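What follows draws every value from the coordinates through simple rules; no lab data is involved. Computed from a predicted structure; not experimentally measured. In this analysis, Cβ positions are derived from the backbone assuming ideal geometry, glycine residues included, and neighbour counts consider all displayed protein chains.
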Amino acid sequence: MVILFGSLSGQDRHSNWPGHPEGPGRLAAVDSGMAAAGLADHLSPLTGRPVRREELARVHSEDYLDALLALDRFGGGELDPDTAMSEGSWETALAAAGMGLAAIEALERGEGDAAFLAVRPPGHHATASQAMGFCLLNNVAISAAALVADGQRVLILDWDVHHGNGTQEIFWDDPAVLYVSTHQWPAYPGTGRAAEVGGPAARGLNVNIPLPPGTTGDAARLAMEKIVAPAVESFGPDWLLISAGFDAHRRDPMADLDWTAGDFADLTRDAGSLLGRPGRTVAFLEGGYDLEALALSSAATMAALMGVAYRPEAPSSGGPGREAVLATARIRERQLSGAEQ
């Protein structure tokens, strides 16, 4: 299988303050993991393209975009206690958003079977009008909105350890997008309860699977079987976009789940089988702040997109979380049966 690989490595001008966990070394870690796994020669380089203002405005408010542009002209500044812009951040954020659109267009031309995008800053916390959680522009949402505008139905699978509150908000009432998030609970940003199932026009199309600290990968695989697969079958997506955060790895300093690189390989494989359509999957780098874990996990994910069984760490099991998954299934059933009455 041909996997398109888009990276901002070498053109990344976004920086946070010294010691910030979201730094340019993250892209280098993806490169090193890819090389160590022997994948570099099996990937097809992807070149990004400029993103147009109207493509951003499908997701973000005009006032918000103007505010970011003004801050860029000022040379950057702090947006919230976790999130900042430097000179070059706006240019890099635009390149990250454009990379997703370029991947979709390349896949539509038949140039590959899937795409993996090593981009930063991450995006899934950015709402229509607010930067937060290291995120400026919601990369996955911008790509999803472009597909929806073209009449496509989109599954967004977000396995970052933190709930993608921005993505949820943007597509809360959109019947063309199925948003699925596995995430630690409680944790930043405090959203992502199981009872949050979508707005009136998209009831059931918001799927939150909150997991307790220490959860191992077997709980995520159970969630895919018991909750995600039925939702996907009912929805019938044309595309799969993955918010591929790797901070659920047991080594990551930002959270407390107990996953391994093998778990990300299995999740990628299972997600692809749910879609059942080659050439319609794009994975976007989100979180992942332990560089060794990021290298292993991103390489395992890319290999799984290729159909290659590369698991530098065994999948994890035996921790808590399975009961939380079953509880989520019950909560969703109650919420949705109540909506139908």
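Label sites at residue 36 and residue 201, each approximated as a point 7 angstrom past Cα along Cα to Cβ, lie 4.6 nm apart. Each stretch of four or more DSSP H residues adds -39500 (n - 2.57); spread over every residue of the chain, this sum gives -12000 deg cm²/dmol at 222 nm. Our estimate of slack between residue 70 and residue 333, defined as 0.36 nm per intervening residue step minus the Cα-Cα distance, is 90.1 nm.
For the stretch 221-335, the square roots of the Cα gyration tensor eigenvalues, ordered a ≥ b ≥ c, give a/c of at least 1.5 with a/b no greater than b/c, which places it in the oblate category. Quick check on the stretch 3-340: take the gyration tensor over C-alpha atoms, sort the square-rooted eigenvalues as a ≥ b ≥ c, and tell me if it's rounded (a/c under 1.5), prolate or oblate. Because its axes are fairly even, with a/c under 1.5, the stretch 3-340 counts as rounded. In the chain, the DSSP beta bridges split such that about 10 percent are antiparallel, to the nearest 5. Between residue 108 and residue 193, the simple spin-label model (points 7 angstrom out along Cα→Cβ) gives 3.9 nm.
Would you work out if the stretch 119-178 is rounded, prolate or oblate? Take a ≥ b ≥ c from the square roots of the eigenvalues of the alpha-carbon gyration tensor; rounded if a/c is under 1.5, else prolate when a/b is larger than b/c, oblate otherwise. Prolate shape, in that a/c is at least 1.5 and a/b is the bigger ratio.
Computed from point charges on the beta carbon alone (+1 for Lys and Arg, -1 for Asp and Glu), the dipole magnitude for the stretch 109-261 about its Cα centre is near 120 Debye. Charges were assigned to the Cβ only: +1 to each Lys and Arg, -1 to each Asp and Glu. The resulting dipole of the chain about its Cα centre is roughly 580 debye.
FRET efficiency for the residue 2 to residue 49 pair, using the beta carbon distance and R₀ = 22 Å, is estimated at 0.70. Relative contact order of the stretch 3-340, taken over Cα pairs closer than 8 Å and 6 or more residues apart, is 20 percent. Dipole orientation for the chain: of the candidates 151, 32, 163, 151 has the Cα lying most toward the positive pole (charges on Cβ; Lys, Arg +1; Asp, Glu -1).
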